[in-house]
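Written below as structure tokens is the structure these notes are about.
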Amino acid sequence: MRHVDQFFRKSCYSNIRILLSACGIWPFQALSKRYAMYVGFTLLFGFGISFTILCTIRVWPDFFEVFDCASMLFYAISSTIKLIYTVYNLPKIKMLLMNMQEHWCSPKSDQEAKILRSYVLFARKFGYIYSGIILGHAIVFALTPLTIKFSYNKENISNKTQDSQESSRHINYMLDLQIQHMPLLIQGALCEFYYTLVLTSINVLYLVCVQHCCGLFEALKYHLESAFNFENNDNDITSIENKYHSNIVYGVRRHAEAIQFATSVESLYRLPFFLHMTVNVSLLSIVGFQVVTNTENISRLMPYGTYLSGLVLNTFFENWQGQKIIDCNERVYESAYNLEWYKMPIISQKLLIMIMIRSRKPLTITAGKVLVLSYVTFNAAMRTGFSYLMILRSMQ
């Protein structure tokens, strides 16, 4: 498998290799390195989740303070489950990556290679932007308690201990401010950053896979549209029909490869997206409630405002990529429908009908085979989350 790792190291996919390696979920990474990282993550995440649960128990009588801790607890548990699920499904990820390398190495026209490359470059650039924005949110969210702590003068700490505990998250200020608990603050910040790094890496892999799949469909669309655009230097009807037939056969094979790849992506992300969409609806209402009720408290508004914007961005991102799969599949049908099919031999017409029939069937990325990721689902998730927010607001 070394040649596959070298392909991703030297190609436009190097960003996904770096991110997955940082989380220990690069399937071509040495086992010793992966196991060492798993032990470190287990200790870090275990302490983080345990401390969050203790904070939740400490404020249990207060319903709204429990909500304050629950947002971080949900985030920690969902991130840990996603990491465990991804490690368990490393063989599937390896197969997807190997399929991507095979698609690149298979024979294709220069224009098809150019189309595929354009989608890969978009995934690379947008992956950098997405990673920067989401990890930037995590840094702001994690460092806010440290900033608040250093904003207090030493001579006023004893007088402002109670105020500071009220203005900062219980997860990071469970202890008295007079106690030196900087290691706990740093550990909490590291947990929050690595939770986000894991989710970001998994989502960037999703972005790369979806864009690669869209590139396959777009290259197929170009091939179908140019299926009859070849030079014919003779009047041999048999030769013309053979070229028609070979072009359609090539299109059928490429179409099957793209569908198989999209199905593999859907199989890999089906359960994580179901968990993510379910948790996100709850978190949108909880975090949104915290934002609305703390509009005048900047020390609480800033971290939860970044948290809320990150939730909305992630929810849109996942549904946007699902919508792109649907649109690319539909465009293949339109291209096949507009072909001059009457010029083809009968056997080629039957193969073209196969492409059209399969393209009419929606190709989707689902969340647990329950929700189809699309703009419609994003709209429904936003409306549901903010409906629950209004219920919490009325209970205040």
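Here are a few things to note about the model shown:
- Total residues in the range 1-17 satisfying the condition of being assigned to a helix (DSSP H, G or I) and exposed (fewer than 15 other Cβ atoms within 10 Å of the Cβ): the figure is 6.
- Checking the stated criteria, ILE391 turns out to be of a type outside the set (Lys, Arg), touching a residue at least 24 places away in the same chain (Cβ under 8 Å), surrounded by fewer than 14 Cβ atoms within 10 Å (Cβ to Cβ) and closer than 28 Å to VAL291 by Cβ.
- Of the residues making up the range 108-131, those that are open to solvent by less than 50 Å² (accessible area, probe 1.4 Å) and part of a helix (DSSP H, G or I) number 10.
- From LEU190, LEU135, LEU175, LEU143, residue being part of a helix (DSSP H, G or I), surrounded by fewer than 20 Cβ atoms within 10 Å (Cβ to Cβ) and modelled with pLDDT under 75: LEU143
- Residues in the range 268-300 that are over 26 Å from the mean Cα position of the chain (by Cα) and either of a type in the set (Asp, Glu) or open to solvent by 40 Å² or more (accessible area, probe 1.4 Å) (or both): VAL292, THR293, THR295, GLU296, ASN297, ILE298.
- Residue that is least open to solvent (accessible area, probe 1.4 Å), among those in the range 195-231 that are over 14 Å from SER335 (Cβ atoms) and free of Cβ contacts under 8 Å to residues at least 60 places away in the same chain: PHE230
- Summed over the range 319-341, residues that are within 27 Å of VAL281 (Cβ to Cβ) and among the acidic types (Asp, Glu) total 1.
- Exactly one residue out of LEU313, LEU308, LEU301, LEU283 is closer than 22 Å to VAL66 by Cβ, modelled with pLDDT of 85 or more and in a helix (DSSP H, G or I), and it is LEU308.
- Residues located in the range 370-385, provided they are touching a residue at least 12 places away in the same chain (Cβ under 8 Å) and open to solvent by 90 Å² or more (accessible area, probe 1.4 Å): VAL370, TYR375
- Selection count, the range 319-369, where residues are closer than 19 Å to SER246 by Cβ, open to solvent by 40 Å² or more (accessible area, probe 1.4 Å) and touching a residue at least 24 places away in the same chain (Cβ under 8 Å): 4
- Of the residues making up the range 304-332, those that are under 18 Å from VAL265 (Cβ atoms) and hydrophobic (A, V, I, L, M, F, W, C) number 6.
- Being more than 28 Å from ILE139 (Cα to Cα), hydroxyl-bearing (Ser, Thr, Tyr) and touching a Phe, Trp or Tyr at 6+ places or on another chain (Cβ under 6 Å) is a description that applies to SER359.
The values are calculated or read from the model by the stated rules, or taken from the named source; none is laboratory data. These numbers come from a predicted model, not from an experiment. Every residue, glycine among them, receives a Cβ derived from its backbone with ideal geometry; neighbour counts consider all protein chains shown. The area values use the complete protein model at the heavy-atom level, side chains included, leaving out ligands, DNA and RNA. Shrake-Rupley method; radii C 1.70, N 1.55, O 1.52, S 1.80 Å.
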